[in-house]
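> Following this message is one structure expressed as structure tokens.
FYI, it's all coordinate maths here, none of it is from the lab. The shown structure was predicted, so the numbers you read here are calculated from the model rather than taken from an experiment. In this analysis, Cβ positions are derived from the backbone assuming ideal geometry, glycine residues included, and neighbour counts consider all displayed protein chains.
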Amino acid sequence: MNTENFAGNIIVNLANLPDFLRKPILRKRMDEFFTLSESDRLEVINNALEAGPTIPFPNFSKLFFTWLEILATMPEEKRVGLVSAYIFEVLRNPQKLILFNLDGILEVFLKIDQAYQENIAQSLNNIISGLSEQQKRQLFLMIPQSAKAKLGL
């Protein structure tokens, strides 16, 4: 991660914070995402995708768990907007997922509350239904079979 990756540096620092500090800070950052310009949103997403694999997985899993909990409680429109932004960036640059522990990410997802899982899975299904057939095929090639089964994809 380069020194210009300020959002990535924030992500790394968030991962190291205790829960009671991490959650409100991350919630605020996630809400602020929607006030950013399209280019700034893309930069945040790219920085997060770059920073994620550099964080030791125990810390990353705590951060991702918190992110999922916040995501699940957002209004559907915002949840779809945020997740769509990540999906479209990964579709443009699939190599960004290579360094992530996708099985570990699925395990974290399965630890959140069942209602939260359902909210996120429904949003994912809504996003995927809007993709072209080629985009769906490309995305399904990247998603582990176990995740497709658990998400009902």
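> Under a point spin-label approximation (7 Å from Cα along Cα-to-Cβ), what is the ASP113-SER39 distance to one decimal in nm?
According to this spin-label approximation, the distance is 4.0 nm.
> Right, another one. So how far, in whole Å, is the C-alpha centre of segment 11-85 from the one of segment 99-139?
Cα centres, segment 11-85 to segment 99-139: 15 Å.
> Mind checking the alpha-carbon convex hull of the chain and giving the volume per residue in Å³?
Output value, Cα hull per residue: 111 Å³.
> Treating the beta-carbon of each Lys and Arg as +1 and of each Asp and Glu as -1, no other charges, what is the dipole magnitude of segment 57-126 about its Cα centre, to the nearest 20 debye?
So the magnitude is around 240 debye.
> Next question. Order the peptides 55-64, 32-41 from the highest to the lowest mean number of other Cβ atoms within 10 Å of their residues.
55-64, 32-41
> Continuing with the same structure: Could you state the per residue volume, in Å³, of the convex hull enclosing the Cα atoms of segment 29-73?
About 65 Å³ per residue, rounded to a whole number.
> Choose one of LEU139, ILE70, VAL44: the residue whose Cα lies farthest towards the positive end of the charge dipole of the chain (beta-carbon charges +1 Lys, Arg; -1 Asp, Glu; about the Cα centre).
LEU139
> Report the percentage of all Cα-Cα pairs in segment 11-100 whose separation exceeds 21 Å, rounded to a whole percent.
Roughly 29 percent, once rounded to a whole number.
> For LYS111, which aspartates and glutamates qualify as cross-link partners when the Cα separation must be under 12 Å and same-chain residues fewer than eight apart are set aside?
Reachable aspartates and glutamates: GLU69.
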